[in-house]
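Notes for the one structure printed next.
No lab work stands behind these numbers, since they all come straight from the coordinates. Not measured: the values here are computed from a predicted model. All Cβ positions, even for glycine, are placed from backbone atoms using ideal geometry, and neighbour counts span all protein chains on display.
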Amino acid sequence: MSSAQAHPVRRLYKKLLIGSALFGLFALQACAVDARVGDMIIDDFSNTDLVSKVGTRWRGVSDQVMGGVSEATVGRDIIDNRPCLHLSGDVRLENNGGFIQASLDLAPSGENLDASDYRGVRLVVRGNSEQYSVHLRTPDNVRPWQSYRAHFTAGPHWKTIDLPFSAFVPHRLDAPLDITRLRRIGLVAIGRAFSADLMVSKLSFYR
């Protein structure tokens, strides 16, 4: 083969190598996207009536159910063009109180949700730079004050926060968290007197 014939062959070979490299790069990017597609969305708050993507409805709860005086407001809002759950109110410690929360059953009443295919809870949040908590409940939580708790800080800008199931600590019970029997999740302001202002635009279990 003459050198004049070899040059086009080399150019074609280079193009094939570049094309293969680009294809590999795109494939890696696609895998990253697909990994997030595998998340289980609990709610993206696109429904205006606070009915979640798992079919149950959000509700506000405060320490008033046990004699406290904290006040909770739970509603759907649009912040920075994002639909979100908005939990606000004053947490007060009088009468042994000290919490407000937005609570959601993860399955119809009396049923459990198996989250063993997932690694933890993912939230997209913003707030007033205070610390908040995610509480999980299972059938092992037989008392109202028992739960599995992990904490996060909601700053002034939207941020994605991952809370692995290993970060959830039993509160006032000994049984470890059984993620095959989840019943309820709560977004909670608790433990000290402060004004709560928490927004959550997405809540999911991540792989």
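Here Val125 meets the list (1) more than 16 Å from Arg183 (Cα to Cα); (2) touching a helix residue (DSSP H, G or I) at 6+ places or on another chain (Cβ under 9 Å) almost entirely, failing just condition (2).
Being of a type in the set (Gly, Ala, Ser), surrounded by 14 or more Cβ atoms within 10 Å (Cβ to Cβ) and touching a helix residue (DSSP H, G or I) at 6+ places or on another chain (Cβ under 7 Å) narrows it down to one residue among Gly67, Gly98, Gly60; which is it? It would help to see each step written out before you state the result.
Numbers: Gly67 fails: surrounded by 14 or more Cβ atoms within 10 Å (Cβ to Cβ); Gly60 fails: touching a helix residue (DSSP H, G or I) at 6+ places or on another chain (Cβ under 7 Å).
The unique qualifying residue is Gly98.
Among residues of the stretch 122-143 that are closer than 22 Å to Phe205 by Cβ, those with a beta-carbon under 6 Å from a residue that is basic (Lys, Arg) and not in a strand (DSSP E or B) at least six positions away or on a different chain give the pairs Arg137/Arg183; Thr138/Arg181; Thr138/Arg183; Pro139/Arg181.
Here Arg76 meets each of (1) charged (D, E, K, R); (2) under 29 Å from Pro176 (Cα atoms); (3) touching a Leu at 6+ places or on another chain (Cβ under 6 Å) with one exception, condition (2).
Output yes when any residue across the stretch 133-156 is among the aromatic types (Phe, Trp, Tyr), over 19 Å from Asp39 (Cα atoms) and over 13 Å from the mean Cα position of the chain (by Cα), and no when none is.
Step one: of the stretch 133-156, the residues among the aromatic types (Phe, Trp, Tyr) are 145, 148, 152.
Subset that is over 19 Å from Asp39 (Cα atoms): 145, 148, 152.
Next, from what is left, pick out any that are over 13 Å from the mean Cα position of the chain (by Cα): 145, 148.
Yes; the residues of the stretch 133-156 include at least one that is among the aromatic types (Phe, Trp, Tyr), over 19 Å from Asp39 (Cα atoms) and over 13 Å from the mean Cα position of the chain (by Cα).
Exactly one residue among Leu182, Leu173 is closer than 25 Å to Val74 by Cα and out of contact with any helix residue (DSSP H, G or I) (no Cβ under 8 Å at 6 or more places or on another chain), and that residue is Leu182. All conditions but one from (1) within 26 Å of Asp90 (Cβ to Cβ); (2) touching a Ser or Thr at 6+ places or on another chain (Cβ under 8 Å); (3) loosely packed, with under 15 Cβ neighbours inside 10 Å apply to His135; the one that does not is (3).
Of Ala167, Ala175, Ala193, which residue is out of contact with any strand residue (DSSP E or B) (no Cβ under 8 Å at 6 or more places or on another chain), surrounded by fewer than 20 Cβ atoms within 10 Å (Cβ to Cβ) and of a type in the set (Gly, Ala, Ser)? Step by step, each of Ala167, Ala175, Ala193 is checked, and only Ala175 is out of contact with any strand residue (DSSP E or B) (no Cβ under 8 Å at 6 or more places or on another chain), surrounded by fewer than 20 Cβ atoms within 10 Å (Cβ to Cβ) and of a type in the set (Gly, Ala, Ser). Scanning the stretch 162-207 for residues that are part of a loop (DSSP other than H, G, I, E, B) and touching a residue at least 60 places away in the same chain (Cβ under 8 Å) turns up Ile179, Thr180, Arg181, Arg183, Gly191, Arg192, Ala193, Arg207.
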